Amino acid sequence: MNTEPTRWNPDLERWETTSRGRAVLTDPRLNKGTAFTEDERQALDLVGLIPPHVLTLEQQSSRAYAQFLAQPDDLAKNVYLAALQDRNTVLFYRLVGEHLDEMLPIVYTPTVGTAIQRYSYEYRRPRGVYLSVDAPKDVERSLRATGLGPDDVDLIVATDGEAILGIGDWGVGGINISVGKLAVYTAAGGIHPARTIPVVLDVGTNRKELMEDPLYLGNRHPRVDRETYDAFVETYVDTANRLFPGAVLHWEDFGPDNARRILARYGDRYLTFNDDVQGTGAVNLAAVLSGVRASGTPLRDHRVVIFGAGTAGIGVADQLRDALVSAGLTPDEATRRFWCVGRHGLLTEGMAVRDFQAPYARPAEEVADWSRDADLGGIPLAEVVHRVSPTILIGTSGQGGAFTEPVIRDMAASVSRPIILPMSNPTSLAEATPAQLLGWTDGGALVATGSPFAPVTHGDITYQIGQANNAFIFPGLSLGAIVAHATRMTDGMLKASADAVAEQVGSSAPGAALLPPTQQLRETSAAVATAVARAAAHDGVARATVGDDIGSRVRAAMWQPDYHPVHAV
Ligand SMILES: NC(=O)C1=CN([C@@H]2O[C@H](COP(=O)(O)OP(=O)(O)OC[C@H]3O[C@@H](n4cnc5c(N)ncnc54)[C@H](O)[C@@H]3O)[C@@H](O)[C@H]2O)C=CC1
Ligand SMILES: CC(=O)C(=O)O
Ligand SMILES: [Mg+2]
């Protein structure tokens, strides 16, 4: 039985609630604070619980913006916005939507990384659902405790906190990446915030300082063994799918082995995707496609070095390889265009590589006389760049500053418009800054970065720096899947998302960004969702009819941060 005292009535577009008084003010879905109307105050027993003067949403938003600006630093801004989100959903999204450029870096990368590291210290309230590997029998009960029924959930974002951005294992604090991704989903993709659940799968942490910290809020034991882990993930997937059968299951910031294994196990059975593998692959492809357009060299003629051959790096390689095949190469020819560099240098045959890296290992005879670095235990990036003369260099290593001046100058010596994408987050882990890259290449580099960077002026040109972040993909990808009632997330849907983002980039004039502006993320996400829904229909996985009106249906499905009547029942 659904005992939830509050429900959204879609026909009358209003909330209906049996709650009264303070219970209304503490429900962020219902709470309008000083914007409750006189009639609502009377009907909901709010008279005397809020100051008498009624404000508009616009007035509230400008007041909140002033409060936001008064915070002393970015972490305090993050905590301020989190508290606002806990209090009043509509006001939070109205404010973030009005200042997307300024606030995305606060609710998302880079500041979300700091918020995760500081989680147990900045903790104010629980947010989302905390599932513990020590109590798998409670998974169902905890997901049911959201009060949401089978038709009430569109999307669940889950992390196990092992590989947060590029900052590693932060245990239970990882919940904030699920919360942050969902904030982007709603602000950028119009996913209904009440129809989403952030989840952390707390399977322990291998970070000793957390386990020894008296304030640490997660399970105080090392990450569990693979068998226990897999059984727990299975319990989560089965339960989530049974309770919320239509929901997209989004996986975020898992370690490379678990990320790939989970995707291989569930990708063909459920509507699910791994954002770091697939979302990142798609946004990278979009940036490369627009870089290729600006470079004047056809895609099929490019050579790619990927620095950081993990979850994101190989996800990027896989989608680019498929794009090279579509451009006319055979699968083998396409694979041979990649040189992937990991912790021990270039991946080569005979090295101990992970199964998903294996296709990219270079033949031993090719590299027989390449110079090696004894400390590294293999062939370093500088040697790879020197030998290969890549046209595209991608950073997914989490190693800040790894693209050094000699490496970039060497690359630029043989390629006039090198495409260079330092995609690692947060900002401090970018492999190089755009100012460095443009300086070392005399303005020739075509640059996009994972975290936001300000424009760079070099010579007479001001270069806009596009953000090659999966935030350009996942909101529209899931929105398209939800509107199409898709049963699976197919490769075709991912490819469509990349193409749609690339198409949103209007210009390849000198200084133009490789990706659309963040401020336009809502329009970009609508275009992505439309393309994704069409691809779902094309791939035979859409249960809804996808016709000519799909663009307007996508837009109509996007939640807007406006107040609706709250009706006392
Ligand atoms: N811009 C975007 O949309 C996204 C960016 N990323 C970023 O990519 C980075 C990596 O993330 P994941 O792939 O999830 O992590 P991961 O741990 O799966 O992969 C990192 C890879 O870098 C390699 N590596 C580490 N040190 C290295 C070194 N000194 N030289 C060469 N390789 C080295 C590791 O061996 C590993 O294979 C992070 O900084 C993350 O923020 C990840 C997903 C999306
Ligand atoms: C953007 C993202 O998903 C990451 O850095 O992990
Ligand atoms: Mg991620």
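Computed quantities for the displayed model
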{"item": "Virtual paramagnetic centre 7 Å along Cα→Cβ of His99, amide N under 13 Å, in region 45-69", "result": "60-69"}
{"item": "Separation of the Arg265 and Val47 label points, Cα + 7 Å toward Cβ, nm", "result": "5.8"}
{"item": "Cα shape, region 7-163, gyration tensor, a/c 1.5 rule", "result": "oblate"}
{"item": "Dipole-positive endmost among Thr205, Tyr216, Ile164 within the chain (Cβ charges, Cα centre)", "result": "Tyr216"}
{"item": "For region 479-569: rounded, prolate or oblate by the Cα gyration tensor [a/c cutoff 1.5]", "result": "oblate"}
{"item": "Cut-off 9 Å between beta-carbons: net charge of the residues surrounding Arg226, Lys and Arg +1, Asp and Glu -1", "result": "-3"}
{"item": "With eigenvalues of the C-alpha gyration tensor scaled by 5 and rooted, region 396-551, Å", "result": "35, 15, 13"}
{"item": "Estimated D of region 516-569 in µm² per second, where Rh is the Kirkwood radius over Cα pairs and Stokes-Einstein applies at 20 °C, 1.002 mPa s", "result": "164"}
{"item": "Nearest-ten-degree value, helix 175-189 long axis tilted from longest Cα axis of the chain", "result": "90"}
{"item": "Cα-derived Rg to Rh of region 386-442, Kirkwood definition", "result": "0.94"}
{"item": "Cut-off under 5 Å, modelled amide H: who pairs with Ala513 long-range", "result": "Gln464"}
{"item": "Assigned charges on the beta-carbon of Lys, Arg, Asp, Glu; region 521-569 dipole about Cα centre (debye)", "result": "80"}
{"item": "Kirkwood Rh in Å, taken over all unlike Cα pairs in region 318-413", "result": "14.3"}
{"item": "Average Cα contact separation per residue, the chain, under 8 Å, 6 or more apart, as relative contact order %", "result": "15"}
{"item": "Principal-axis tilt of helix 74-87 within the chain, Cα atoms, nearest 10 degrees", "result": "40"}
{"item": "Stretchable slack from Arg303 to Ala352, in nm (0.36 nm times residue separation minus alpha-carbon distance)", "result": "15.2 nm"}
{"item": "Charge dipole (region 1-90, unit charges on Cβ, about Cα centre) - positive-most of Pro72, Gln59, Leu46", "result": "Pro72"}
{"item": "Whole-percent carbon and sulfur share, accessible surface of the chain, 1.4 Å", "result": "51"}
{"item": "Net charge of neighbours whose Cβ lies under 15 Å from the Cβ of Pro363, counting Lys and Arg as +1 and Asp and Glu as -1", "result": "-2"}
{"item": "Efficiency of FRET between Ala509 and Ala454 - r from beta-carbon atoms, R0 22 angstrom, step 0.05", "result": "0.70"}
{"item": "Probe 1.4 Å - accessible area at His386, Å² to nearest ten", "result": "110"}
{"item": "Region 303-446, dipole about Cα centre (Lys/Arg Cβ +1, Asp/Glu Cβ -1), debye to the nearest 20", "result": "220"}
{"item": "With DNA, RNA and ligands ignored, accessible area of Trp251 (1.4 Å probe; Å², nearest 10)", "result": "10"}
{"item": "Separation in nanometres of the label points that stand 7 Å from Cα toward Cβ, at Asp548 and Glu366", "result": "4.9"}
{"item": "Net charge, Phe36 excluded, C-beta distance under 15 Å - Lys, Arg +1, Asp, Glu -1", "result": "+1"}
{"item": "Label point at Ala413 placed 7 Å out along Cα→Cβ; residues across region 431-452 whose backbone nitrogen lies under 17 Å", "result": "440-442"}
{"item": "Residue-normalised accessible area of region 391-524, expressed per residue, 1.4 Å probe, Å²", "result": "33"}
{"item": "Debye log10 I(q)/I(0) at q = 0.05, 0.06, 0.09 Å⁻¹ for the chain, Cα point scatterers", "result": "-0.21, -0.30, -0.68"}
{"item": "Calculated FRET efficiency for the pair Gln59/Asp39, C-beta based, R₀ 22 Å, to 0.05", "result": "0.70"}
{"item": "Size of electric dipole in region 471-569: Cβ of Lys, Arg +1 and of Asp, Glu -1, about Cα centre, debye, nearest 20", "result": "180"}
{"item": "Gyration tensor (alpha-carbon) shape descriptor, region 20-77, a/c threshold 1.5", "result": "prolate"}
{"item": "For region 84-148: span of alpha carbons on each principal axis (Å, largest first)", "result": "42, 27, 17"}
{"item": "Estimated [θ] at 222 nm from DSSP helical runs (n ≥ 4, -39500 (n - 2.57)) normalised by residues in the chain, nearest 500", "result": "-12000 deg cm²/dmol"}
{"item": "Length added when fully stretched, Glu523-Thr18, from 0.36 nm per residue minus Cα-Cα", "result": "178.1 nm"}
{"item": "Over region 219-325 - Rg/Rh using Cα atoms and the Kirkwood inverse-distance radius", "result": "1.08"}
{"item": "C-alpha center-to-center spacing [region 448-484, region 29-80] in angstrom", "result": "31"}
{"item": "Arg555/Asp373 FRET efficiency (R0 41 Å; Cβ-Cβ; nearest 0.05)", "result": "0.20"}
{"item": "Ellipsoid equivalent to region 182-234 - semi-axes via the Cα gyration tensor, in Å", "result": "29, 17, 8"}
{"item": "On Cα atoms only, tilt of 57-69 relative to the major axis of the chain in degrees", "result": "50"}
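The values are calculated or read from the model by the stated rules, or taken from the named source; none is laboratory data. No experiment lies behind these values; they were computed from the predicted model shown. Quick reminder, even Gly has a Cβ in these numbers, built from the backbone with ideal geometry, and neighbours come from all protein chains shown. Keep in mind that these areas ignore ligands, DNA and RNA; they rest on the heavy atoms of the full protein, side chains included. Shrake-Rupley method; radii C 1.70, N 1.55, O 1.52, S 1.80 Å.
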